[in-house]
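J.: Can you keep this structure in mind? I'll have questions shortly.
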Ligand SMILES: [Mn+2]
């Protein structure tokens, strides 16, 4: 804030608030340069905030009170002239009287912090990764022809939950057969059939931290085309992994995977980024794609997830969540890569 000559910062994104105050259900967090941090909370969450919130004073927003106006009054009281903020919707902006205050959007300031995970955050992410691996193992054990996609999701989520997952990091994907060609195919009442590719994308959540993992399964024996695509994705994933370390540009890591897939002439079917950061949000910076300006840093946690999706045929994706280190990367998810599950 000092570098940017800000004399206050208003945090309104709930996950950003969670990051600073360790509390999710607040409306805003005000960080003035000349006073204590103030967390604004409605009555329904007040007692919990008083017990759980860290690094701030908790301020009750009464029913019928406008939390934004309340924060703005305090901002004026603190004589803030240059107010940084992460995000503000247009209706809020037009409702507030901001005369005399210069608004400086700067979510980047927060991302610079959130992108680099400290040891406490990593402990939570490691635990979420262990739970996610249990989910993948469960899937490989229970999947059989005739099951509905949603049954697989239910069993996997139950297995993770039973061992401490707070819920899922995102909606579980079990996309089988032709649906596996949809990278975000969700999960339906379709039954799994022998010989079909099954795209399986899950994540556990622990202490609000998330992990992201994809495996591709198949009941029976893959055709030579299925096997070939699988091996190409595996090769791309592995090569990209070996290139991840502190100081490399994210776009270069993406290029390693993309070129591998292009070499086998499947380039047009790799329709998304190689990866993204994971933490309190399942998709966050840094981003690994051809346009990315991010330089990977020690402490970043990112996914490595190339895929090939052929319409009317099927798709393969293999994804791990990995930790960027000084001299390489560490896979936080460790589930095995066997495609055949029955
Ligand atoms: Mn992902």
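J.: Of the residues that sit in segment 167-184 and are over 17 Å from residue 154 (Cβ atoms) and part of a loop (DSSP other than H, G, I, E, B), which one is farthest from the chain's Cα centre (by Cα)?
T.: Once the filter is applied, the top-ranked residue is 182.
J.: Residue 244 - would you say it is under 17 Å from residue 331 (Cβ atoms) and modelled with pLDDT of 95 or more?
T.: Taking the combined requirement at face value, the residue satisfies it.
J.: Is it true that residue 76 is assigned to a helix (DSSP H, G or I) and at pLDDT below 95?
T.: In short, yes.
J.: Among 268, 262, 235, which is the only one that is within 23 Å of residue 215 (Cβ to Cβ), more than 14 Å from the ligand (Cβ to nearest atom) and either part of a loop (DSSP other than H, G, I, E, B) or free of Cβ contacts under 8 Å to residues at least 60 places away in the same chain (or both)?
T.: Of the residues listed, the single one that is within 23 Å of residue 215 (Cβ to Cβ), more than 14 Å from the ligand (Cβ to nearest atom) and either part of a loop (DSSP other than H, G, I, E, B) or free of Cβ contacts under 8 Å to residues at least 60 places away in the same chain (or both) is 235.
J.: Which residue is surrounded by the most Cβ atoms within 10 Å (Cβ to Cβ), if the candidates are limited to segment 185-198 and must be away from the ligand (no atom under 16 Å from the Cβ) and assigned to a strand (DSSP E or B)?
T.: Looking at residues that are away from the ligand (no atom under 16 Å from the Cβ) and assigned to a strand (DSSP E or B), I get 197.
J.: With a cut-off of at least 1 residues that are out of contact with any strand residue (DSSP E or B) (no Cβ under 6 Å at 6 or more places or on another chain) and more than 15 Å from the ligand (Cβ to nearest atom), name the strands (runs of 3 or more DSSP E) lying wholly within segment 279-324.
T.: 307-310
J.: Still on this model: Restricting to segment 199-226, name every residue that is within 14 Å of the ligand (Cβ to nearest atom), touching a helix residue (DSSP H, G or I) at 6+ places or on another chain (Cβ under 6 Å) and not in a strand (DSSP E or B).
T.: Passing the criteria: 203, 211.
J.: Quick check on segment 79-127: of everything there that is without any contact (Cβ under 8 Å) to a residue 24 or more places away in the chain and either part of a strand (DSSP E or B) or touching a strand residue (DSSP E or B) at 6+ places or on another chain (Cβ under 6 Å) (or both), which residue is surrounded by the most Cβ atoms within 10 Å (Cβ to Cβ)?
T.: 103
J.: Let me ask you something else. Hey, among 342, 284, 319, which residue is within 27 Å of residue 218 (Cα to Cα) and within 19 Å of the chain's Cα centre (by Cα)?
T.: Exactly one of 342, 284, 319 is within 27 Å of residue 218 (Cα to Cα) and within 19 Å of the chain's Cα centre (by Cα), namely 319.
The values are calculated or read from the model by the stated rules, or taken from the named source; none is laboratory data. The structure displayed is predicted, hence computed values, not measured ones. Note that each Cβ is placed from the backbone with ideal geometry, even for glycine, and that neighbours are counted across all protein chains shown.
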